[in-house]
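Novice: Next up is a structure, given as structure tokens.
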Amino acid sequence: MEDSCSILAKKDCIPCKGGVPPLKGAELEGLVQQLGHGWEVVKEHHVEKTFTFPDFLTALDFTNKVGAIAEQEGHHPDIHLAWGKVRVVIWTHKINGLTESDFVLAAKVESIP
């Protein structure tokens, strides 16, 4: 059976043209529960997670995979690369907050093998 994160990952990111309010409260809670896997909503502004790896090269490879997904989806996270870890921070810049597409992108990042 598919988990809810996998279901989110199958969706496409929809470009935000602005003019919509960022998600708040219960809507955010529902999406972060669907996403799971240790992702956190920070101050109802962005969603983030730090991934750990055994070395720099593996972390760099993951970073490049995140970048490829971001380009494909047209939705670009902040990616912080360090030895053995990568922190991915996602939000919709146009509205300075979160949309469903941010959770879709996070789910796609989570699905990287």
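Novice: Given the criterion under 14 Å from the mean Cα position of the chain (by Cα), closer than 17 Å to V88 by Cα and outside any loop (DSSP other than H, G, I, E, B), identify the matching residue among A59, A70.
Specialist: A70
Novice: OK, next. Filter the stretch 1-51 for residues that are over 24 Å from G74 (Cβ atoms), at pLDDT 90 or above and in contact with a Cys (Cβ under 7 Å, 6 or more places away or on another chain) and give the result.
Specialist: Across the stretch 1-51, there are no qualifying residues.
Novice: Follow-up question, since we're still on this one. Taking into account only those residues within the stretch 77-86 that are within 21 Å of C13 (Cβ to Cβ) and surrounded by 14 or more Cβ atoms within 10 Å (Cβ to Cβ), which is farthest from the chain's Cα centre (by Cα)?
Specialist: Filtering first and then ranking leaves V86.
Novice: Only one residue in H37, H93, H45 is under 28 Å from P21 (Cβ atoms) and under 12 Å from the mean Cα position of the chain (by Cα). Which one?
Specialist: Testing whether each residue is under 28 Å from P21 (Cβ atoms) and under 12 Å from the mean Cα position of the chain (by Cα) leaves just H37.
Novice: Is it the case, given these coordinates, that I95 is surrounded by fewer than 20 Cβ atoms within 10 Å (Cβ to Cβ), touching a Cys at 6+ places or on another chain (Cβ under 9 Å), closer than 27 Å to G30 by Cβ and among the β-branched types (V, I, T)?
Specialist: For I95, the condition - surrounded by fewer than 20 Cβ atoms within 10 Å (Cβ to Cβ), touching a Cys at 6+ places or on another chain (Cβ under 9 Å), closer than 27 Å to G30 by Cβ and among the β-branched types (V, I, T) - is met.
Novice: While we're here: Considering only the stretch 19-31, I want to know if a residue exists there that is on the phi < 0 side of the Ramachandran plot, in contact with a helix residue (DSSP H, G or I) (Cβ under 6 Å, 6 or more places away or on another chain) and outside any loop (DSSP other than H, G, I, E, B).
Specialist: Yes, the stretch 19-31 contains a residue that is on the phi < 0 side of the Ramachandran plot, in contact with a helix residue (DSSP H, G or I) (Cβ under 6 Å, 6 or more places away or on another chain) and outside any loop (DSSP other than H, G, I, E, B).
Novice: If you don't mind, there's one more thing I want to ask. Would you check if there is a residue in the stretch 43-55 being more than 19 Å from A82 (Cα to Cα) and surrounded by fewer than 12 Cβ atoms within 10 Å (Cβ to Cβ)?
Specialist: yes
The values are calculated or read from the model by the stated rules, or taken from the named source; none is laboratory data. Values in this document were obtained by computation on a predicted structure and should not be read as measured data. We place every Cβ from the backbone using ideal geometry, glycine too, and count neighbours over all the protein chains shown.
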